[in-house]
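Contents: one structure, followed by commentary.
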């Protein structure tokens, strides 16, 4: 699929999306507020409609420490949330005009298709099956699937090849479920990754599997109860989901992401959120399919 040429108005946004301060942990799980772009978009585009409405609805997770976690003030915080704010700022929409909607792994595509959200930024792995019904901008981060186990790893799980009879927990409808079922049938599924912690505590399951960054957030949130095994066995490119066929909007988001890679705002968003636990990676290469 070829991208349509982005409009001059949309291109002008790219120079306007920059953080008002450099990176560093603010202690709130948020990076400094992005500068809100002032620009005009071609009439009839999604960008123009959202800019005129001065509102964007973004789906994200509310239970993913470091990426998307509901804060005490009722607003989610995390790296995915900061990426959503960067897109909104590029559209000329301030953060307080974003409507955040909780999405879980199994409802992300329906929410996009039904128009319940404008975009989804929710540890959302880009894959060909999903691209049959929605489009993706990005990736904006590359994760890898691993295991969360009880502290000390009593079951001795180090890779998919040595799972044996151990029961593995993951989320219904996730890429992680599909991946782990290639190695074992001893899988239980739940609605949210955090729902797997109690089965590990009580011995119903021996491990949770999903992307290593999600697991790191859960370990960080739960003291010394759990640990993450060091190796990964997949490559998970995280993208921003949007309605299928909206090439101009996808091009705009891709260009906005690239601008954030180049001007340091992506790194500042990482360091204020996931970077409080994990090292800062290099930005990925955007796939302009």
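Here, each number is a calculation from the coordinates, and none is a lab measurement. What you see is a predicted model; the values in this text were computed from it and never measured. For neighbour counting, all protein chains shown are included, and Cβ atoms are generated from backbone atoms with ideal geometry for every residue, glycine included.
Computed values, structure above
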{"item": "Neighbour-count ranking [beta-carbon atoms within 10 angstrom, fewest first] of 130, 201, 108", "result": "201, 130, 108"}
{"item": "Residue of 205, 137, 43 that the Gaussian network model of the chain assigns the largest fluctuation, springs spanning Cα pairs under 10 Å", "result": "43"}
{"item": "Rel. contact order, % - alpha carbon contacts under 8 angstrom, at least six apart, the stretch 145-228", "result": "44 percent"}
{"item": "Label-point separation, residue 222 to residue 201 (7 Å along Cα→Cβ), nm", "result": "0.8 nm"}
{"item": "Separation in nanometres of the label points that stand 7 Å from Cα toward Cβ, at residue 183 and residue 263", "result": "4.1 nm"}
{"item": "Prolate/oblate/rounded label for the chain (Cα gyration tensor, a/c 1.5)", "result": "prolate"}
{"item": "The stretch 115-260: relative contact order as a whole-number percent, Cα under 8 Å and 6+ apart", "result": "44 percent"}
{"item": "Nearest-0.05 FRET efficiency for residue 282 and residue 151, computed from C-beta distance (R0 30 Å)", "result": "0.45"}
{"item": "Fraction of beta bridges assigned by DSSP in the chain that are antiparallel (%, nearest 5)", "result": "65 percent"}
{"item": "The chain, relative contact order [Cα under 8 Å, separation at least 6], %", "result": "28 percent"}
{"item": "Label-point gap, in nm, between residue 35 and residue 235 - each point 7 angstrom along Cα→Cβ", "result": "3.5 nm"}
{"item": "Full-stretch length increase - residue 133, residue 166 - with 0.36 nm per residue and alpha-carbon distance subtracted", "result": "8.4 nm"}
{"item": "The stretch 145-228: antiparallel DSSP beta bridges as a percent of all, rounded to 5", "result": "55 percent"}
{"item": "Angle between the chain longest axis and helix 79-90 axis [Cα atoms, degrees, rounded to 10]", "result": "10 degrees"}
{"item": "Neighbour-count order for 47, 70, fewest beta carbons within 10 angstrom listed first", "result": "70, 47"}
{"item": "Mean ellipticity per residue at 222 nm, deg cm²/dmol - from DSSP H runs of n ≥ 4 across the chain, formula -39500 (n - 2.57)", "result": "-8000 deg cm²/dmol"}
{"item": "Rounded to 10°, Cα long-axis angle of helix 212-221 versus longest principal axis of the chain", "result": "80 degrees"}
{"item": "Helix 247-263 vs. the chain, principal-axis angle (Cα, 0 to 90°, nearest 10)", "result": "80 degrees"}
